[in-house]
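Remarks on the structure that follows.
The values are calculated or read from the model by the stated rules, or taken from the named source; none is laboratory data. Please read all numbers here as calculations on a predicted model, not as lab measurements. We place every Cβ from the backbone using ideal geometry, glycine too, and count neighbours over all the protein chains shown. SASA here: full protein model, heavy atoms, side chains in, ligands and nucleic acids out. Shrake-Rupley method; radii C 1.70, N 1.55, O 1.52, S 1.80 Å.
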Amino acid sequence: MQVYQPADIEKKWYEYWTKHRFFSSVPDDREPYTIVIPPPNVTGILHMGHMLNNTIQDVLVRRARLLGKNACWVPGTDHASIATEAKVVARLKETGKTKTDLGRDAFLEEAWKWTDEYGGLILQQLKKLGASCDWERTAFTLDETRYASVIKAFGDLYQKGLIYRGYRMVNWDPEAKTTISDEEVIHKEVNGKLYHVRYQIEGSDESLTIATTRPETIMGDTGICINPLDERYRHLHGKRAIVPIVNRSVPIILDDYVDAEFGTGCLKVTPANDINDYNLGQKHNLEIIDVLNEDGTLSVHGAQFVGMERFAARKAVAKELESMGILVKVEDYQTSVGTSERTGAVIEPRLSRQWFLRMNELAQPALDAVNNGDVQLVPDKFLNTYRHWMENIRDWCISRQLWWGHRIPAYYYGAGDEDFVVANNAEEALKLARKKSGNNNLNLTDIQQDEDVLDTWFSSWLWPLSVFDGVVSPENEEIKYYYPTNDLVSGPDILFFWIARMIMAGYEYRNEKPFSHVYLTGIVRDEKGRKMSKQLGNSPDALKLIETYGADGVRVGILLSAPAGNDLLFNEDLCLQGRNFANKIWNAFRLVSQWSGDDTVERLQTDDLAIAWFAQRKSDALKEIDDALSKYRLSDALMTIYKLVWDDFCSWYLEMIKPKSGKQLHPSVYDQTKLYFEELLVIIHPYMPFISEELWQSLKDRKEGETIMYAKWPMSIETNPSIIKRFEEAREVITQVRQIRLEKQLGFKEPLPLHVKSDDDFSHDFAPVIAKMANISTFESVNEGPEGAVSFLAAGSTFYLDLGDKIDITAEIEKIKTELKYLQGFLKSVTKKLSNERFVANAPEAVVANEQKKMADAEAKIAQLESRLEGLS
């Protein structure tokens, strides 16, 4: 194949890998290496964030296999209660039906149909990326094993007194019609209005002006609060006020919660619609009147605005207050509002009886684990954020008013608040209910299971345990072998939703961490720094990228600029660079495959030098790669691999050993070159699995069932460290000679004599390489350069390239003088800047260092030109 065709090769090798079950893992005597995939929503499709996250995981897993470990990457999807239910409700709406029309059982049938039809598509898409998951282990948070784990965990935590049922103010999503946790509330700054409303004092002509951002809740006011030390209102102690529109008489209460210096110093209290008002109401025994329905419309307590959407009601109430002459003024006001992470709807505080999980006791071991380094966050810049959240944790509202999900295993047998039991199933619940109530006449029709389901995260927090059935069967072979897992790759946006809670679950159920390292990726952004999203239209089609640049090209492109924890500024040109890298490797293979070993061909000195140099260069690079990967600096490791392959192997090693004529090499040189290529393919493999497999299979005859995936990761072995320095000196000379040839338009075919000043300490070890790579006819030491030679400095020595009569010496002298004049002027300006003590003292260190480098470079170039001028003169 002349040109690399990624699509055909990717399909061929992925089918080969799955056919031979190379991704499959079972416990054995090898060291395990385990990663559990952050389960994407079953509703999801592949986007750039998934591409980044899963490429990183695949690099880690594939390298673990090459290191001889038993690598197990567990895939799966999340049932995503809110998102999936919304999809099914939308599909029903197209047929003119609603969720309640169907009833729970029929609705769940529809949800499962939708899941079977569309769910898991993202896992198929990950295969296009080359993800080497153990697909036989694919889990779903709502499948039978995970369901049993969740129900058992709920029962255990309830029996321990950690789960309780309480009437509390919660975050209510009016669009999804369910509670959500504090962590699922996204706070946004918005421009709103501040309405100043006059409240009449009962039995008086006097009034109070109170500012509110929510006039639509006025009908739920059940008190007015003032600071007891506020002298302005001392005469109102014990009085009552009239709530506008509904003309309700409410008490004026005293509490130092009110800041007398803020606004008018008066606060309307609406206990049903604000957490602080609720606390005040509880303290002062105020009535609770909820003016909002669960869908955000005004309730029966909303006076003439009943049924009106809350934001429309805000305008309508303001207009009514204005017509009544009691709207004093309206001001522009910037405020923060909570919005639902899932639907984007503005959250309403709502009093509701819900299920909660006590977090303080669970949080402490998880906090200790990160503080003492048992679980390491990479990068560690997220440590303080983690600590702050864990030290200020609140109880987790785990119930959701949905049907799709794990139904809460609580069963009610009476009307009392405590007339319920928690059980694994209805039959067990009946026995418990009879015992608790003392009524042996209860039967199955007398008990009713809780209508709510558990928060999706309540199943996800068990993920590293439940994928190995470690909750229901804590002593099974797999959980003991694979747990704790090694690395978790995730985004910092779910550090608390998911990661912290998994650590809590690990210590609660196994007294052990769930993973050792958490690699926190950044957010994929466009070149303007904007987060990629469908709304902005700045997120490229992930599958289209793979189609255009090949999976290996995209993988390289996305990891070239993906430092841990820092946002990735994605540019499609990076994928082009990745594809070009694949083409470079492909063309290098085509070149090597044209050669052959021939005993009649002499092994040259240049061959010996090239082989010895590349052995050490590869060893040095491997040290850097291993070190970078051990620190999760995947981008740094990739860049080292890129330079080793493109620059060192392709541009220098292959050129050094390339036959001058014909296609034959000495057999030992040919075999060593193939061995180097094979090792490079192994090093490349975690990043570029497809092309590395294709070329590894092609380098020599392989048996069916062999794969690069289980080759051995090369070792870094010191051979000849000093050879690197000597080669770099030679490379500098070769580069200078090539540059002079280019400047003088001399071409490369004609050999030229080269001289080095005899009193300079330049090693001639690589003279054969210099002669071959720079096309030098003779290379000798001299006291003075020959007339007409172009001199240059390289590797600390002076060289003379003898051009004979091939250049116009007079014109060359004038050219050098012009360049010298410019450089001397430039040096003067830089020196003046650095002699300014104020500049050196106040400028950033990096700026000063840059100016010093400019000065050193100018001085070196001037010395070189003066030397060349002397030689020509």
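Quick notes on this structure:
- Kirkwood Rh in Å, taken over all unlike Cα pairs in the chain: 33.3 Å
- Placing unit charges on each Cβ (+1 for Lys and Arg, -1 for Asp and Glu) gives the range 620-744 a dipole about its Cα centre, and among 720, 733, 640 the Cα reaching farthest toward its positive end belongs to 733.
- Peptides 69-75, 228-234 ranked from most to least packed give 69-75, 228-234, packing being the mean of other C-beta atoms within 10 angstrom over each peptide's residues.
- Rolling a 1.4 Å probe over the protein heavy atoms gives the range 438-483 an accessible area of 40 Å² per residue.
- Mean separation of Cα contacts under 8 Å, 6 or more apart, over the residue count of the range 682-759: relative contact order %: 23 percent
- Projecting the Cα positions of 343, 650, 18 onto the charge dipole of the chain (unit charges on Cβ atoms of Lys, Arg, Asp and Glu, taken about the Cα centre) puts 343 furthest along the positive direction.
- Note on the range 419-461: Rg/Rh from C-alpha atoms, Kirkwood Rh, equals 1.09.
- Taking max minus min of the alpha-carbon positions on each principal axis, the range 764-873 gives extents of 54, 35, 22 Å, largest first.
- Cα centre as origin, Lys/Arg/Asp/Glu Cβ charges: the chain dipole, Debye: 940 debye
- Surface accessible to a 1.4 Å probe, per residue, for the residues of the range 540-672, Å²: 40 Å²
- At 0.692 mPa s and 37 °C, Stokes D of the range 536-597 from Kirkwood alpha-carbon radius, µm² per second: 252 µm²/s
- Sorted peptide list for 645-657, 707-719, criterion being average Cβ within 10 angstrom, highest first: 645-657, 707-719
- Entry for the range 319-423 at q = 0.10, 0.19, 0.20, 0.21 Å⁻¹: log10 I(q)/I(0) = -0.62, -1.15, -1.19, -1.23, Debye formula applied to identical alpha-carbon scatterers, no solvent contribution.
- Tilt relative to the chain, helix 144-159 - C-alpha long axis, 0 to 90 degrees, to 10: 50 degrees
- Per residue, in Å², the accessible surface of the range 1-93 once ligands and nucleic acids are set aside, probe 1.4 Å: 37 Å²
- When the convex hull of its Cα atoms is projected in every direction, mean area for the range 214-293 (nm²): 5.2 nm²
- Note on the chain: helix-only mean residue ellipticity at 222 nm, from DSSP H runs of 4+ residues weighted -39500 (n - 2.57) and normalised by residue number, equals -13500 deg cm²/dmol.
- A simple spin-label model places the labels of residue 525 and residue 104 4.6 nm from each other, with each point 7 Å out along Cα-to-Cβ.
- Contour excess over end-to-end distance, with Cα ends at residue 207 and residue 12 and 0.36 nm allotted per residue: 62.0 nm
- The reciprocal of the average 1/r between distinct C-alpha atoms defines the Kirkwood hydrodynamic radius, which for the range 632-751 equals 17.1 Å.
- Computed over the chain: relative contact order in percent, which uses C-alpha pairs under 8 Å that are six or more apart: 12 percent
- Relative to the current alpha-carbon distance between residue 319 and residue 700, full extension at 0.36 nm per residue lengthens the span by 128.8 nm.
- Of 674/703; 69/127; 623/703; 381/631; 239/283, those spanning more than 20 Å from alpha-carbon to alpha-carbon: 69/127; 623/703
- Per residue, the convex hull volume that the Cα atoms of the range 598-682 enclose (Å³): 77 Å³
- Value of relative contact order over the range 745-852, rounded to a whole percent, pairs C-alpha under 8 Å and six or more apart: 23 percent
- Cβ-Cβ FRET estimate between residue 572 and residue 329, R0 fixed at 45 Å, reported to 0.05: 0.30
- Stokes-Einstein D (µm²/s) once Rh is taken as the Kirkwood radius of the range 11-163 over alpha-carbon pairs, at 4 °C in 1.567 mPa s: 73 µm²/s
- Here, the range 503-615 is characterised by an Rg to Rh ratio of 1.23, where Rg is the alpha-carbon radius of gyration and Rh the Kirkwood radius.
- Under the convention that each Lys and Arg Cβ holds +1 and each Asp and Glu Cβ holds -1, the size of the dipole of the range 575-709 around its Cα centre is about 360 debye.
- nm² value of the averaged projected area, convex hull over the Cα atoms of the range 552-641: 7.5 nm²
- Between residue 580 and residue 3, the distance separating the two model label sites (each 7 Å from Cα on the Cα→Cβ line) works out to 1.7 nm.
- Under 19 Å of direct C-alpha separation, and excluding same-chain neighbours fewer than eight residues apart, residue 861 reaches these lysines: 744, 757, 815, 817, 821, 828, 832, 853.
- Heavy-atom accessible surface of the chain: percent carbon and sulfur, 1.4 Å: 48 percent
- Put the Cα centre of the range 250-314 next to the Cα centre of the range 378-400 and the gap is 30 Å.
- Compared with the dominant principal axis of the Cα atoms in the chain, helix 6-19 is inclined by about 70°.
- Radius of gyration (Cα atoms) of the range 250-315, expressed as a multiple of 2.2 N^0.38 Å: 1.27.
- Summarising the strand pairing of the chain, around 70 percent of its internal DSSP beta bridges are antiparallel.
- Taking the longest Cα principal axis of the chain as reference, the axis of helix 426-437 is set at about 40 degrees.
- Nearest-0.05 FRET efficiency for residue 304 and residue 264, computed from C-beta distance (R0 35 Å): 0.80
- Full extension of the chain between residue 124 and residue 859 gives 258.6 nm of extra length, using 0.36 nm per residue less the Cα-Cα distance.
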